[in-house]
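See below for the structure under consideration.
Any read-out appearing in this document is the output of simple, stated calculations on the displayed coordinates, not a laboratory observation. Values in this document were obtained by computation on a predicted structure and should not be read as measured data. Here the Cβ positions follow ideal geometry from the backbone for every residue, glycine too, while neighbour counts run over all protein chains shown.
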Amino acid sequence: MVDVGGLPGETTAVQGAGDGRARRRDSLYLSARVSIAGVIGVHDARVRNLSAEGLMIELDHVVEPGTTVSLQIRGLGDLTGKVAWCTRGRIGIALDRPIDPRRARKPVGQGPSTPDYAKPLLGRG
């Protein structure tokens, strides 16, 4: 099977390249802050696929496999890993430690109701 992305929220079974393992990977659209060893600065990237062991980001940099990267992703915090592959603005990253990808989908707000400033003017009262 080949992972070709998918619609946001879609879960796709992906078979590893030649390793015979099938993994669950969530197709989504999150932002991340990425630091790449040997590249100056912190870069904004889009996370397109996420699993317990790794992720794919969209980033306009060519990065050699094996390069160390650090990422900050909402709900997951600071992560580290190594570039597994890089092609045409997409980078596959193998994480140093497994994560729970569901944490990236948790709502940002803590309260059960919509704050007044986010409600339409009609209906306030």
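Quick look at the values:
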{"read-out": "Among 36-44, 79-87, 49-57, the order from most to least packed when residues are scored by Cβ within 10 Å on average", "value": "49-57, 79-87, 36-44"}
{"read-out": "Residues Leu121 and Arg74, FRET efficiency given R0 of 41 Å [Cβ-Cβ distance, rounded to 0.05]", "value": "0.85"}
{"read-out": "Interatomic Cα distance distribution for segment 53-98, bins of 5 angstrom, percent", "value": "6, 25, 34, 23, 11, 2"}
{"read-out": "Cα-projected label distance for Glu58 with Ser31, points at 7 Å along beta-carbon direction, nm", "value": "1.4"}
